[in-house]
Structures are given as structure tokens and as C-alpha cells.
Amino acid sequence: MADSDSGWKFAQCFGDKGEVEDITEADIISTVEFDHTGDYLATGDKGGRVVLFERNDGKKGCEYKFYTEFQSHEPEFDYLKSLEIEEKINKIKWCKRQNAAHFLLSTNDKTIKLWKVFEKSLKVVAENNLNDGARPQNGRIQQLKLPKLTHHDTIIAAVPRKVYANAHAYHINSISINSDGETYISADDLRINLWNLNISDQSFNIVDIKPVNMEELTEVITAAEFHPLHCNLFMYSSSKGTIKLSDMRAAALCDQHAKLFEEQEDPANKSFFSEIISSISDVKFSKDGKYILSRDYLTLKIWDITMENRPLKTINIHDHLRNKLCDLYENDCIFDKFECTFSGDGQNVLTGSYNNYFHIYDREGLSDIALQADKSAFKAKRVGSAKNKSMLSRGKTNNRKEEINVDAIDFNKKILHASWHPNENSIAVAATNNLFIFTEL
């Protein structure tokens with residue numbers, strides 16, 4: 001995979017191909033998620049819409065086609081707090097498929113919804129007793145016939161089956177479905193709630209880090225996820241750079257963590273920005289549940305679930321931005337929340353960067369494949385030019401700063417959201433209002 005030609009190629013691009021200046025805010029993609037089979041792909045945007053794509057079996061390779069689109073959330077207003085609630089979709093999670101219908105959870109800042117997406121047959125009346133509007137003779141119908149319905153069309157319908165509302169005082173940042181298929185957690189800045197998918201008016205608060213006096217608040221929850229195999233375990237990350245693993249068998253309120261993953265900061269590196277850049281923006285379990293992947297502003301860390309005191313590997317993503325933190329603080333880019341994900345086999349990891357670049361590393365951090373989700377990619381229909389692809393070796397960290405011209409970086413172009421196909425090396429990447437699919441040859 002890390003040969004002279006990276007082996008990855010651009011496959012598809014969905015969305016408006018126009019220039020960045022013409023982008024409508026509502027069209028910006030805010031989440032991307034493959035289902036458990038990889039045959040379906042969902043995106044959510046800032047306009048509250050969910051768009052689903054289906055694997056195109058008629059095409060070779062990993063190609064998708066439009067499946068359906070629906071309005072998941074509408075803008076609301078909280079009259080008690082005089083706050084507008086955005087319709088932006090923060091996260092989408094697919095439920096494991098039980099029958100012909102698809103079920104998925106989508107959430108904005110306050111409300112989670114369970115959507116059922118299914119094929120619906122439209123039928124029309126083909127025969128009745130008053131064909132062509134003719135009136136019966138003498139006011140009587142000689143022979144009554146049963147009206148006949150015939151199949152007219154098949155549409156993809158989306159209906160909200162459950163609405164889980166009024167359980168979060170703060171903005172929801174994560175939802176994660178349990179391996180038992182019956183429950184899920186939702187996390188906001190200070191609390192994590194446990195839900196049963198079938199019960200929308202009741203949830204259990206399992207983590208609460210809200211201090212009695214809000215002036216004493218020192219950290220917030222940034223992400224949470226269930227263990228992929230053990231239904232009693234979940235983890236959550238914080239703005240202080242810690243990851244806590246909790247066991248629901250230990251207590252009803254999981255404030256006492258079972259494990260704490262934290263790397264002590266070198267006092268020599270401490271600065272005004274230390275706390276901001278150490279805040280974890282995303283955490284993910286590997287498919288086998290043995291490893292944890294965490295992303296902060298500058299680095300990607302791979303943890304062994306059995307080793308708490310330090311990560312197995314720290315990969316420097318934005319080392320070249322270390323001297324530019326002051327500017328990034330002023331333009332708010334230092335608060336960008338980059339997601340990360342494991343490949344289906346757990347051997348590779350993926351995360352985004354600026355200039356619409358994203359990086360694929362092997363788990364040892366030895367190879368770094370940098371690909372660009374760029375508009376020129378779909379024109380060339382391949383990622384082959386120096387502009388669209390660069391192979392960077394982890395062994396060349398010293399040369400890396402010379403290769404990247406920090407002043408030429410466009411901080412408005414960033415890859416925050418991505419998802420890896422569960423069974424093959426194909427990835428979906430959100431670049432502003434476009435969805436890119438890349439696949440390994």
C-alpha cells in the first residue's frame with residue numbers, strides 16, 4: 001500500500017462542482033457514515049437534510065448512486081432560553097439491518113430521531129364501477145365490480161419512528177449504538193445518556209461531570225462511543241486530552257471510570273495554547289475493540305486498551321502548524337474538530353487536514369499517504385498528478401516542514417468528516433459541500 005504509487009484512486013464526487021465562493025451554508029456536509037455492510041452511505045448537512053447513497057452494483061469497483069433524501073431536522077427556537085436551535089445534523093448512525101427497511105439515528109444539537117427508510121409501493125385504482133365518469137343507466141348499476149388496485153410506482157419513503165427529545169441541556173456531540181442492538185448513548189458537553197431504541201420518553205443519565213458551581217467547570221465531554229463487542233463498556237474523551245473507559249456493570253452512574261488513558265505533557269512544551277490543542281476532537285474503537293484512536297488538533301494517537309499511561313503510537317499531523325497557533329487562534333481554526341477512523345481490518349487509520357488533504361497511515365505510523373479531495377480530481381478521474389497526490393514517508397519528518405508551505409495553506413478548505421468502508425479499502429470524505437469516494441486499486 002505504501003509503494004511509489006500509493007494504490008489509491010479517486011472514484012466519485014457528489015455535489016455541486018462550482019467554486020467555493022458560491023457555496024450555500026446549508027449544503028455544507030456535517031457528517032458521513034457507511035452502514036454495517038458498506039452497501040449504503042449516509043451524509044447529513046447543515047441544512048438538516050440526510051442524503052442516502054446505494055452501492056451501484058452495475059459498476060465495477062466501489063461506486064454509489066443516489067438512493068433518497070429527506071429533511072431530518074428543522075430549525076427550532078427554545079423560548080425558555082431564547083436560543084435558536086440549528087437544524088445542522090451533527091451525527092448519523094445506522095442500526096444493524098433486521099428486515100427490508102433501513103433504520104438510522106440522526107441528531108442535531110438537541111433532538112435525536114430514529115428514521116425508517118423503506119421501499120413503498122404506490123397503487124392506483126385501475127377499475128371501478130364508474131369507469132370514464134359514465135353515470136349508471138336508470139340510476140342503477142347492473143353489475144357491481146370490486147375496484148382493482150394496480151402497482152403504479154415504487155418510492156423510497158422516510159418516516160420518523162421515534163423522536164428522543166428534551167434530554168440534553170447542552171449540545172449533543174456524539175451518538176453511539178450498542179453492540180446489543182437495543183440501546184444507544186448520546187453525549188453532550190457535560191452528560192451522557194443511555195437510551196433504549198424503543199423508548200423515546202425515558203433515558204438514563206450514566207455520566208454527569210457538571211460541577212455544582214459552573215464557575216468551577218474545567219473540562220467538557222467531546223466524544224463518546226460504545227465498545228464494538230462488549231455491551232457494558234463505553235468510552236468518552238474530554239477537552240483535557242483524557243479518554244475514560246467506563247463499565248456500566250460497576251455502577252448506575254459511571255462517573256468512576258474503569259480506565260483512564262492520558263499522556264502527561266512535557267512541561268517544556270507548555271504554552272497558552274496547550275489546553276486547546278490537547279482537547280480530543282474524536283475517539284474511535286478498532287473493530288476488534290483492542291485499540292483506541294484519538295485525534296487532537298496536532299496529533300493522531302493509537303492506544304492499546306490494556307495500556308493507559310501512554311499511546312502505542314503518536315502521529316504528528318500538524319507539526320508544521322506549531323509555530324502558527326497564534327494566527328490559528330485568531331481565525332478560530334484552532335477549534336476545528338477533525339474526525340478520525342480505523343479501516344475495517346484495523347490495520348490503517350484515517351484523518352483529515354487542511355487544503356482538503358486527508359492522510360492514511362498504517363497502524364505503526366510508518367507510511368503516510370496524503371490524498372487531496374480536490375475539484376480537479378473528478379476532472380482527471382484519477383489521482384495521479386503531483387497536485388492531487390503526494391507520498392510522504394514517516395521517516396522524513398525533518399524534510400516535511402520544507403515540503404509544506406504553511407503560508408500557502410487554505411484554512412477554509414478542510415476535511416473534518418470521513419468514513420471507512422467496513423469491509424474493503426474504500427473511503428468517503430466530506431469536502432465542504434462535496435462527497436468524495438476514494439478506493440484502493
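The values are calculated or read from the model by the stated rules, or taken from the named source; none is laboratory data. Everything numeric in this text was worked out from a predicted model, so none of it was measured. We place every Cβ from the backbone using ideal geometry, glycine too, and count neighbours over all the protein chains shown. The accessibility values were calculated without ligands, DNA or RNA, using every heavy atom of the protein model including side chains. Shrake-Rupley method; radii C 1.70, N 1.55, O 1.52, S 1.80 Å.
Okay, here's what the table says:
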item	result
Within the accessible area of the chain (1.4 Å probe), percent carbon and sulfur	47 percent
The chain, dipole about Cα centre (Lys/Arg Cβ +1, Asp/Glu Cβ -1), debye to the nearest 20	1640 debye
Area of M307 that stays accessible when all protein chains are in place (1.4 Å probe, Å², to 10)	50 Å²
For the chain, the longest site-free run once chymotrypsin sites (Phe, Trp or Tyr not before Pro) in DSSP loop states with at most 14 other Cβ atoms within 10 Å are removed	80-271
Relative contact order [Cα under 8 Å, 6+ residues apart], the range 264-341, whole percent	28 percent
Extension reserve of the H151-L122 stretch, reckoned as 0.36 nm per residue once the Cα distance is removed	9.8 nm
J(HN,Hα) series, the range 33-44, from Karplus relation 6.51 cos²θ - 1.76 cosθ + 1.60, nearest Hz, glycine and proline x	7, 6, 7, 5, 9, x, 7, 10, 9, 10, 10, x
Residue order for E119, E364 - accessible surface, 1.4 angstrom probe, largest first	E119, E364
Of K60/K113; K96/K162; K88/K290; K46/K324; K9/K88, pairs whose Cα-Cα distance is over 24 Å	K60/K113; K88/K290; K46/K324; K9/K88
Dipole axis of the chain (+1 Lys, Arg; -1 Asp, Glu on Cβ), positive-most option in Y170, I334, T43	T43
Taking the chain and dividing mean pair separation by its residue count, relative contact order in percent (alpha carbons under 8 Å, at least six apart)	14 percent
Choice from K162, K270, K93 showing the highest fluctuation, given a GNM over the chain with Cα pairs closer than 10 Å	K270
Candidates L197, L217, L105: whichever shows maximal mean-square fluctuation once the chain is modelled as a Gaussian network with Cα springs under 10 Å	L217
Reference-scaled alpha-carbon Rg (2.2 N^0.38 Å with N residues) for the range 171-302	1.07
Å² of accessible area per residue within the chain, as computed with a 1.4 Å probe and no ligands counted	51 Å²
